[in-house]
1. Once amide H atoms are placed 1.01 Å from N in the peptide plane, what residues at a sequence separation of 5 or more from L37, or on another chain, have their amide H within under 5 Å of its amide H?
2. Summarise the accessible area of the chain (1.4 Å probe, protein heavy atoms) by the percent that is carbon and sulfur.
3. With the other protein chains left in place, how much accessible area per residue, in square angstrom, belongs to the chain at a 1.4 angstrom probe?
4. If I take the Cα coordinates of segment 446-498 and project them onto the principal axes, what are the three extents in Å, biggest first?
5. Where in the chain lies the longest segment free of trypsin sites (Lys or Arg not before Pro) that are both loop residues by DSSP (not H, G, I, E, B) and have at most 14 other Cβ atoms within 10 Å?
6. Report, for segment 168-305, the % of DSSP beta bridges that are antiparallel, rounded to 5.
7. Let me know the charge dipole size of segment 212-315 about its Cα centre in debye, to the nearest 20, where only the beta-carbon of Lys, Arg (+1) and Asp, Glu (-1) is charged.
8. Between segment 311-344 and segment 151-219, what is the C-alpha centre distance in whole Å?
Amino acid sequence: EFITVSNLATIMHVPLNKIIKSMEDLGFENVRHNYILEKDNAILIADEFNFEAIVLNANTVEDIFSEPVKPGKLKPRPPVVTIMGHVDHGKTTILDYLRKSSVVEQEFGGITQHIGAFTAITPESKKQITFLDTPGHAAFLKMRERGAIVTDIVILVVAADDSVMPQTIEAIKHIKKTGVPLIVAINKCDKHGVNIDKVVGDLASHDIDVEDYGGETQTVRVSGKTGLNMDKLEEAIITLSEMLELQTEPDGVANEGWIIESKVEKGVGYVATVLVRRGTVKNGDILVAGNTYCKVRGLRDENGNSIKKAGPSSPAQVFGWKELPVGGEFVIQAKDERRARKAVSHRIAREKAIKQREEVEQINEQRSEEVKELARRNKIAEMKMAGLDTSALEKLEDESQCIQCNYIIKSDVFGSAEAIKESINGIGNEEVKANVILCETGALTQSDLELAKTLNAQIFCFNLAVPKEISLAADREGVAIKEHNVIYHLIEDVTTELTSKLKPKI
Ligand code: GDP
């Protein structure tokens with residue numbers, strides 16, 4: 001009866017940072033995605049988000065969740081790095097340089113493919129770094145929104161000849177908001193006459209704590225074109241990642257990771273790049289991601305080579321998905337195919353239920369607006385009867401001068417319900433007007449009666465029998481129900497009523 005914060009976020013479909021923020025407001029300290037909550041605290045947080053928690057015993061849980069951290073199994077893992085910065089400042093050039101210089105290190109250099117991420121080995125310390133090669137903020141943000149803690153470090157690229165530009169500022173904002181550690185790469189330092197001091201000054205004025213000014217953010221002067229100081233940039237990443245003490249369990253746990261990219265490949269089917277975070281993925285493993293799952297039929301690295309397994313921070317293309325998984329989705333291993341299928345169908349059902357609930361909430365909101373408007377009109381009428389000045393209230397909306405006759409339409413089929421609504425809503429003038437507040441198919445229910453009572457509406461049932469108990473309840477509560485099976489007669493009925501409401505003209 002424990003759950004991690006990120007699992008709770010997944011269940012509730014609430015962004016992780018929202019939960020973390022709310023937990024901090026509740027007084028929890030040092031909350032991170034893998035913070036483990038006891039039952040009572042999880043219920044408390046679910047309640048904050050208007051969920052009613054039902055605690056099931058582990059055997060009846062329908063979804064698959066992370067296992068708690070196994071401290072004895074933790075080993076250091078390579079950092080995952082994203083590159084951000086203004087357009088044309090050299091993100092692609094830097095990534096290409098890093099990719100090429102690392103391909104040279106490979107024994108079996110195949111044709112390098114863009115699979116959304118690649119691994120580089122540092123020239124000096126021979127350490128591994130994984131770069132996400134979908135530069136741009138959109139991909140980064142999409143993942144963060146889903147609560148994906150994919151990136152450990154961001155490299156902010158700023159061109160020395162252009163300095164801080166709008167997208168640099170935007171990137172700084174995102175980085176600050178998400179709190180991901182940062183290294184600045186001042187690029188194009190091979191160019192003559194560039195003013196690097198100005199760039200450093202501009203960064204400082206945008207709240208970047210640059211080391212040149214005694215701060216902690218490393219700034220490396222590089223050139224993606226000539227390769228100047230690219231080794232220094234890589235070593236800066238390693239230094240920072242060692243400070244961050246990035247760790248994971250490379251084995252002995254259910255595999256976990258993230259979908260980086262996915263596509264349909266001719267003759268192969270659905271392929272997704274998975275960045276493993278815990279464990280090691282191999283052939284035959286069953287992986288669940290969002291609303292789909294996969295029995296791993298094959299793995300391939302970024303050089304197109306077939307591989308037997310992919311460990312932490314090693315991106316791999318994974319074959320065998322039943323449907324195309326969505327980028328940014330969390331990946332988790334299931335014990336067997338039966339569990340995977342069960343989890344997927346549970347997730348689909350849950351999503352549907354959440355959608356339905358949102359729709360109901362929207363309708364309720366709409367209804368409460370209508371109730372408010374009615375209250376305002378009643379107030380005006382009351383004040384008028386008491387001989388008070390109502391001009392201020394009336395000015396709010398000219399329409400309030402007009403008497404509104406509210407109707408609820410229930411019909412056997414959608415077509416006639418719509419037709420009735422269209423013809424009725426047009427009837428009236430500036431003094432009196434017909435107003436359809438609800439137009440639905442299906443039998444008349446108690447909640448329709450309640451709505452009619454609250455909004456002082458009449459009910460029209462078209463080609464529908466009124467259930468006996470509803471008819472009795474309507475009599476008791478003074479709600480008028482009229483039955484029709486000819487649209488023309490129904491409209492006539494409305495017109496007669498509206499005419500009767502017109503003030504007699506002298
Ligand atoms: P991105 O939009 O940030 O990915 O920028 P690109 O990598 O496409 O680079 C934009 C332009 O700047 C290209 O014409 C590159 O050749 C050039 N460029 C990138 N890095 C350097 C560099 O270090 N020095 C010089 N002189 N030009 C560079």
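1. The answer is I3, T4, V5.
2. Numbers: 13840 of 26720 Å².
Carbon with sulfur: 52 percent of the solvent-accessible area.
3. Numbers: 26720 Å² over 506 residues.
In whole numbers, the chain has 53 Å² accessible per residue.
4. Sorted largest first, the three principal extents are 28, 23, 15 Å.
5. Details: sites that count: R32, K126, K191, K266, K308, K335, K505.
Value returned for the longest uninterrupted segment is 336-504.
6. Values: 13 of 17 bridges.
Here the share of antiparallel DSSP bridges comes out near 75 percent.
7. Details: 13 positive and 15 negative charges, 147 e Å.
Approximately 700 debye in magnitude.
8. 36
The values are calculated or read from the model by the stated rules, or taken from the named source; none is laboratory data. Quick caveat: nothing in here was measured; it's all calculated off a predicted structure. All Cβ positions, glycine included, derive from the backbone under ideal geometry; neighbour counts span all protein chains shown. Keep in mind that these areas ignore ligands, DNA and RNA; they rest on the heavy atoms of the full protein, side chains included. Shrake-Rupley method; radii C 1.70, N 1.55, O 1.52, S 1.80 Å.
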